[in-house]
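Visitor: Handing you a structure now.
The values are calculated or read from the model by the stated rules, or taken from the named source; none is laboratory data. Quick caveat, the model's predicted, so the values are computed rather than measured. Cβ sites come from the backbone with ideal geometry, for glycine too, and all protein chains shown count toward neighbours.
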Amino acid sequence: MDSITLWSLLATVPILFLISALIIIFHRKFIISRRVKPSSSILYRRSSIIQLPLGNLGWPFIGETLEFISCACSDCPESFMDKRRRMYGKVFKSHIFGSPTIVSTDAEVNRSILQSDAKTFVPFYPKSLTELMGKSSILLINGSLQRRIHGLIGAFFKSPHVKARITHDMQKYVQQSMNKWHENCPVYIQDQAKNIAFQVLVKALIGIDQGDQLEFLKSQFQEFIAGLMSLPINIPGSRLHRSLQAKKRMVKLIQRIIQEKRDRSSVSTVSEDVADVLLNDTSEELTDDLISDNMIDLMIPGEDSVPVLITLAIKYLSDCPAALQQLTEENLTLKRLKEKQGETLVWSDYLSLPFTRNVISETLRMGNIIIGVMRKAVKDVEIKGYLIPKGWCALAYFRSVHLDNNLYDFPFQFNPWRWQNKETNNCNFTPFGGGQRLCPGLDLARLEASIFLHHFTTQFRWVAEEDSIINFPTVRMKRGMPVWIKRREQTLN
Ligand code: HEM
């Protein structure tokens, strides 16, 4: 060992010691400060005292975030929650993503969090995300404007006229895409589903069909979402900055389209897309700027979730031949019937397939595309005897509920039959959230997945290559779900 190395080692030891001592002192102070602050840790109500749930706030600043992330990235993503559930119960305190947080893996507590309004909780997202979304995003705003936009979008996607149009578009995009598939190279389901779902979404939101505008939006949106999980540093050249620039370019295009809609003197009275719905609304708060900004923000929850749902369904079906066979038979029967009657399939046909619906529900339960939602308490809140202090976050963690063996037998087994005669509308099953922020795209998501599964299973047989599910930062397949296909016509089946 030369002298420089020796000196640097000797110098490093006290520095490390000092840093450790500081961390320990600060850490203890940090925890103690939370224990002794009566207004934020204990709530006195009549004769009872409501206390903070048990748990650990971890290290200063980073809290337990690193352990949360390392578990989420591991082969056992449940380990973070399971360990704490065993130690502290279904509701516990932690410190993740920069905020002291009450984590709930309890279905009833989750329901209360979801049902609460903005007087109790407001949405909480990482800073990079809020910077990208902007203050007027539907994902962030509260109160009457959020309820109004949410109601308009929800009603639009529920209308039979829109479902008919979306079904027509989706069939067209699916068929165009499937016609290009080859048998001598693998088809990457994740990419294909992403491409199709993006086309459907953009058409439903602003009426852009094919061509340069669609390609432009696609490329800019990829640049935009790359910054969703970036460091919140907005300086030229940073990831966040590049994403914001991409958003500006998209907003410019959308503003032009909105202006064209206005110039046509009447925005179509039968709303053809979400932009029409919002433009037709008489509320003065719905300015053109707010609408164009929100068109991009609406793409965030819609863009990735549906393709992941489709891809996971194909993954689970590939691993469960009995379910695949029943789903294929159900869809072939419908296809033959429609051919015999000389009719094309309409949206209600797709949604009338009970086993297909169960496959989609089971995929949502096991896949946990959205693991949970985060809220910030705007006042001290008490739920089921637990205190959530003002300024703290509440994480309603759906994944643990969906995989709880007290609620679902063999929860890690893909079993679509468990949904036979079972209600999907209850607090043990919340893939689309609930309350005032219940996903307005849920019908669209189920319809799209149904259409894809119908066309895929009735036109192809396939063999899937080995692939695995990644759970963090978003759910997806590691290799994009490659499958080798055989067209059914050629196998005379
Ligand atoms: C499998 C597909 C999908 C899943 C699992 C999903 C899940 C969710 C969840 C859990 C929420 C609640 C968020 C919260 O409470 O903070 C939500 C909200 C939302 N989703 Fe979806 N979603 C899906 C597809 C879509 C699609 C296709 C759209 C289409 C535009 C969409 C639009 C929205 C919007 C706008 C909100 C925010 C509602 C509000 O805050 O008022 N989602 N979604």
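Visitor: Conditions first: (1) crowded, with 22+ Cβ neighbours inside 10 Å; (2) in a loop (DSSP other than H, G, I, E, B). ASP293 passes all but one, so which condition is the exception?
Guide: Of the numbered conditions (1) crowded, with 22+ Cβ neighbours inside 10 Å; (2) in a loop (DSSP other than H, G, I, E, B), the odd one out for ASP293 is (2).
Visitor: Scan the range 121-139 and report the pairs whose first residue is over 19 Å from GLN436 (Cα atoms) and more than 9 Å from the ligand (Cβ to nearest atom) and whose second residue is of a type in the set (S, T, N, Q) and not in a helix (DSSP H, G or I), with Cβ atoms within less than 9 Å and a gap of 6+ or a chain change.
Guide: Listed by first residue and then by second, the contacts come to SER128/SER230; THR130/SER137; GLU131/ASN234; LEU132/SER230.
Visitor: Using the structure shown, decide if GLU272 is within 16 Å of the ligand (Cβ to nearest atom) and surrounded by fewer than 22 Cβ atoms within 10 Å (Cβ to Cβ).
Guide: In short, yes.
Visitor: Would you mind stating whether THR101 is in contact with a strand residue (DSSP E or B) (Cβ under 8 Å, 6 or more places away or on another chain), over 30 Å from TYR350 (Cβ atoms) and not aliphatic (A, V, I, L, M)?
Guide: Here the answer is yes, as THR101 does meet what is asked.
Visitor: Can you find a residue that is surrounded by 16 or more Cβ atoms within 10 Å (Cβ to Cβ), modelled with pLDDT of 95 or more, in contact with a strand residue (DSSP E or B) (Cβ under 7 Å, 6 or more places away or on another chain) and closer than 30 Å to ASP467 by Cα anywhere in the range 301-308?
Guide: yes
Visitor: Within the range 242-262, take every residue that is under 15 Å from MET299 (Cα atoms) and touching a Ser or Thr at 6+ places or on another chain (Cβ under 6 Å) and give me the one that is surrounded by the fewest Cβ atoms within 10 Å (Cβ to Cβ).
Guide: VAL251
Visitor: Among the residues of the range 209-241, how many are of a type in the set (A, V, I, L, M, F, W, C), part of a loop (DSSP other than H, G, I, E, B) and buried (at least 19 other Cβ atoms within 10 Å of the Cβ)?
Guide: Counting residues in the range 209-241 that are of a type in the set (A, V, I, L, M, F, W, C), part of a loop (DSSP other than H, G, I, E, B) and buried (at least 19 other Cβ atoms within 10 Å of the Cβ) gives 1.
Visitor: A further question follows. Looking at (1) within 18 Å of GLU285 (Cβ to Cβ); (2) crowded, with 18+ Cβ neighbours inside 10 Å; (3) more than 13 Å from the ligand (Cβ to nearest atom), can you tell me which one VAL109 breaks?
Guide: Among (1) within 18 Å of GLU285 (Cβ to Cβ); (2) crowded, with 18+ Cβ neighbours inside 10 Å; (3) more than 13 Å from the ligand (Cβ to nearest atom), VAL109 violates only (1).
Visitor: Considering only residues of the range 140-173 that are away from the ligand (no atom under 13 Å from the Cβ) and polar (S, T, N, Q), which is nearest to ASP349 (Cα to Cα)?
Guide: So the residue we want is THR167.
Visitor: Among the residues of the range 69-91, are any within 16 Å of the ligand (Cβ to nearest atom), surrounded by 18 or more Cβ atoms within 10 Å (Cβ to Cβ) and part of a helix (DSSP H, G or I)?
Guide: No: zero hits.
Visitor: Next up: If a residue has to be surrounded by fewer than 16 Cβ atoms within 10 Å (Cβ to Cβ) and either in contact (Cβ under 8 Å) with a residue 60 or more places away in the chain or of a type in the set (Phe, Trp, Tyr) (or both) to count, how many in the range 325-334 make the cut?
Guide: 1
Visitor: Just to be sure before I move on: is GLU465 exposed (fewer than 15 other Cβ atoms within 10 Å of the Cβ), acidic (Asp, Glu) and either in contact with a His (Cβ under 9 Å, 6 or more places away or on another chain) or at pLDDT 95 or above (or both) in the structure I sent?
Guide: For GLU465, the condition - exposed (fewer than 15 other Cβ atoms within 10 Å of the Cβ), acidic (Asp, Glu) and either in contact with a His (Cβ under 9 Å, 6 or more places away or on another chain) or at pLDDT 95 or above (or both) - is met.
Visitor: A follow-up question, please. Output the residues belonging to the range 396-450 that are over 14 Å from SER361 (Cβ atoms), aromatic (Phe, Trp, Tyr) and surrounded by fewer than 19 Cβ atoms within 10 Å (Cβ to Cβ).
Guide: Result: PHE410, PHE412.
Visitor: Restricting the first residue to the range 299-322 and requiring it to be part of a loop (DSSP other than H, G, I, E, B), which pairs with a second residue that is more than 9 Å from the ligand (Cβ to nearest atom) and of a type outside the set (Val, Ile, Thr) meet a Cβ separation below 7 Å and a spacing of at least six or different chains?
Guide: Qualifying pairs under 7 Å: ASP319/PHE414; CYS320/PHE414.
Visitor: Would you confirm whether any residue within the range 382-389 is of a type outside the set (A, V, I, L, M), crowded, with 22+ Cβ neighbours inside 10 Å and at negative phi?
Guide: Taking every residue of the range 382-389 in turn, at least one turns out to be of a type outside the set (A, V, I, L, M), crowded, with 22+ Cβ neighbours inside 10 Å and at negative phi.
To keep it simple, each residue is scored yes or no on (1) in contact with an Asp or Glu (Cβ under 9 Å, 6 or more places away or on another chain); (2) under 30 Å from VAL251 (Cβ atoms); (3) of a type in the set (Phe, Trp, Tyr).
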{"position": "THR282", "(1), (2), (3)": "no, yes, no"}
{"position": "GLU285", "(1), (2), (3)": "no, yes, no"}
{"position": "MET299", "(1), (2), (3)": "no, yes, no"}
{"position": "LEU317", "(1), (2), (3)": "no, no, no"}
{"position": "THR328", "(1), (2), (3)": "no, no, no"}
{"position": "LYS335", "(1), (2), (3)": "no, no, no"}
{"position": "GLU339", "(1), (2), (3)": "no, no, no"}
{"position": "GLU343", "(1), (2), (3)": "yes, no, no"}
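Visitor: Any idea which residue in the range 369-427 is nearest to ARG111 (Cα to Cα), counting only those that are without any contact (Cβ under 8 Å) to a residue 12 or more places away in the chain and within 16 Å of the ligand (Cβ to nearest atom)?
Guide: Among those residues, the one meeting the criterion is ASN426.
Visitor: Limited to the range 439-457, what total is found for residues that are within 18 Å of the chain's Cα centre (by Cα) and either more than 7 Å from the ligand (Cβ to nearest atom) or of a type in the set (Ser, Thr, Tyr) (or both)?
Guide: The number of residues fulfilling the criteria is 5.
Visitor: Kindly indicate whether any position in the range 317-324 is within 16 Å of the ligand (Cβ to nearest atom), buried (at least 22 other Cβ atoms within 10 Å of the Cβ) and under 25 Å from the mean Cα position of the chain (by Cα).
Guide: no
Visitor: For the range 91-127, give me each residue that is among the aliphatic types (A, V, I, L, M) and within 19 Å of the chain's Cα centre (by Cα).
Guide: Of everything in the range 91-127, those that are among the aliphatic types (A, V, I, L, M) and within 19 Å of the chain's Cα centre (by Cα) turn out to be ILE96, VAL103, ALA107, ILE113, LEU114, VAL122.
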